[in-house]
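J.: Have a look at this one before I ask anything.
Rule-based calculations on the coordinates, nothing more; no lab input. The structure displayed is predicted, hence computed values, not measured ones. Every residue, glycine as well, gets a Cβ built from its backbone with ideal geometry; the counts of neighbours run over all protein chains shown.
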Amino acid sequence: MKVIDLVHKRERLEEMPQTIKYNRNVYHYNGSNYFTEFVGGMRMTFDFSDLTREIEIIEENKGIEEIEIIKNADNFYIVKDNRQCQLNRHDTVIIDKINELVREVNKLKKDN
């Protein structure tokens, strides 16, 4: 992505990337501007002057989503993405265990 694209996003009030990288420096968005971590006791602001520079968007460490089960009136369970599946008691036990594993993996990812 170029700096000009970032400027356009900000002007259109679109969601801004939370973390970007330029020239080996990582900048974090605080709602109005991008700042580096404290470098030698100083906080550095991202310079938007060269609109043609390439920046790298660093994706946030997103967790794995759990499988959501909701019982409706027809005794179906609605599983994620609006796909209806008829589940028996054993299926729900397995899904509960999968969700338990997902929570543990997300916890481990967050700790690292």
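J.: Report the gain in length on full extension from S32 to K2: 0.36 nm times residue separation, minus Cα-Cα distance, nm rounded to one decimal.
T.: Full-extension gain reported as 9.0 nm.
J.: If you don't mind, there's one more thing I want to ask. Quick check on the exposure proxy: order M42, M1, M16 from fewest to most C-beta atoms within 10 angstrom. Can you show the working numbers first?
T.: Numbers: M42 7, M1 13, M16 16.
Lowest count first: M42, M1, M16.
J.: Then there is this: What translational diffusion coefficient, to the nearest whole µm²/s, does the chain have by Stokes-Einstein, given a Kirkwood radius computed over alpha-carbon pairs, a temperature of 4 °C and 1.567 mPa s viscosity? Don't jump to the answer; show the numbers that get you there.
T.: Details: Rh = 17.8 Å.
Stokes-Einstein gives a translational diffusion coefficient of 73 µm²/s.
J.: Given DSSP loops and a limit of at most 13 other Cβ atoms within 10 Å, what is the longest stretch of the chain that contains no such trypsin sites (Lys or Arg not before Pro)?
T.: Excluding the exposed sites themselves, the longest stretch runs over 25-61.
J.: Please give every one of the lysines within straight-line cross-link reach of K2, meaning a C-alpha to C-alpha distance under 27 Å, and leave out same-chain neighbours fewer than 8 residues apart.
T.: Straight-distance partners of K2: K21, K62.
J.: As a footprinting exposure proxy, order D47, D111 by other Cβ within 10 Å, with the fewest listed first.
T.: Least to most surrounded, the residues fall as D111, D47.
J.: Also, quick follow-up: Where nothing but the Cβ of Lys and Arg (+1) and of Asp and Glu (-1) is charged, how large is the charge dipole of the chain around its Cα centre, in debye to the nearest 20?
T.: For this selection, approximately 140 debye.
J.: Separate question: Among residues other than M44 whose Cβ falls under 15 Å from its Cβ, what is the net charge (Lys/Arg +1, Asp/Glu -1)?
T.: Summing Lys/Arg as +1 and Asp/Glu as -1 gives +1.
J.: Counting other C-beta atoms within 10 Å, and keeping those with at most 10, which DSSP coil GluC sites (Glu not before Pro) do you find in segment 1-71?
T.: The qualifying sites are E14, E15, E59, E60, E65.
J.: Another question, then. Return one number: the angle in degrees, 0 to 90 and rounded to the nearest 10, between the long axis of the Cα atoms of helix 89-111 and the longest principal axis of the Cα atoms of the chain.
T.: 20 degrees
J.: Using only the Cα atoms of segment 14-64, build the gyration tensor, take square roots of its eigenvalues as a ≥ b ≥ c, and label the shape rounded, prolate or oblate: rounded if a/c is under 1.5, else prolate if a/b is larger than b/c, else oblate.
T.: Oblate, because a/c is 1.5 or more while a/b does not exceed b/c.
J.: Which residues make up the longest stretch of the chain clear of chymotrypsin sites (Phe, Trp or Tyr not before Pro) that lie in a DSSP loop with no more than 14 other Cβ atoms within 10 Å, not counting the sites?
T.: For chymotrypsin sites (Phe, Trp or Tyr not before Pro) (loop position, at most 14 other Cβ atoms within 10 Å), the longest site-free span of the chain is 1-47.
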